Amino acid sequence: MRLLGALIAGGQSRRFGSDKAQAPVHGKPLLDHVIAALNPQVEAMVICGRHWSGLLYLPDRPEPDQGPLGGLCAALHHAREDGFDAVLTAGCDTLPVPDRLAGLLDYQSGVIRGQPLFGFWFASMTPMLDAWLADQPRRDMRGWIDHSGAHEVNCSIDFSNVNTREEYDRFIAPKGMTT
């Protein structure tokens, strides 16, 4: 199965106050840790909604500022056009990235409960997402998960989702990490 890795990274980091993808963790940007963890699990990687050195940039679809679904839609289109079977997604601000994410999600369309940007999506779902986005005033992941019939998998990993400075400080401090 050909898997495309897609980093969902189009947010504005308003609550963080600066570009959270660039927040230093062990001397390198947070997003670089996500990339390093997801990259061995996929054949190729793209980044959706922003530019990042070394990765193919995909603008959100059908237009900018569509939230995570705009990034997912762009990744699904790219996967379908380039012969990938599915897309494995991760957000730019959550660690750790589970090892063998596709296997954890049973190679079926689904997400990790409570961390919906860790997902597995078949490229064949592209027309379904296009149609849903064209018809939805509220474009949120929860609605898409329900509409698509994607399953949610429980995971015992203690995730750190860095949306605010306080969450970043809690993530860094107990681990004795350096910035």
Regarding segment 28-36, can at least one residue be identified that is modelled with pLDDT of 90 or more, more than 19 Å from Phe122 (Cα to Cα) and either surrounded by fewer than 15 Cβ atoms within 10 Å (Cβ to Cβ) or charged (D, E, K, R) (or both)? yes
List the strands (runs of 3 or more DSSP E) that sit entirely inside segment 74-156 and contain at least 1 residues that are open to solvent by 30 Å² or more (accessible area, probe 1.4 Å) and either among the acidic types (Asp, Glu) or within 15 Å of Leu38 (Cα to Cα) (or both). 115-122, 151-153
Criterion first (farther than 30 Å from Pro137 by Cβ, surrounded by fewer than 19 Cβ atoms within 10 Å (Cβ to Cβ) and modelled with pLDDT of 95 or more) does Gln22 satisfy it? no
Residue ID - least open to solvent (accessible area, probe 1.4 Å), chosen from residues in segment 3-13 that are at pLDDT 60 or above and assigned to a loop (DSSP other than H, G, I, E, B): Ala9
Starting from segment 93-104, keep only residues that are under 22 Å from Val162 (Cα atoms), then list their pairs with residues that are part of a helix (DSSP H, G or I) and among the basic types (Lys, Arg) whose Cβ atoms are within a distance under 8 Å, requiring at least 6 positions of separation or different chains. Asp93/Lys20
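The values are calculated or read from the model by the stated rules, or taken from the named source; none is laboratory data. Computed from a prediction, not measured in an experiment: that's the story for all the values here. Glycine gets a Cβ as well: all are built from the backbone with ideal geometry, and neighbour counts include every protein chain shown. Quick note on the areas: whole protein, heavy atoms, side chains included, nothing else; ligands and nucleic acids left out. Shrake-Rupley method; radii C 1.70, N 1.55, O 1.52, S 1.80 Å.
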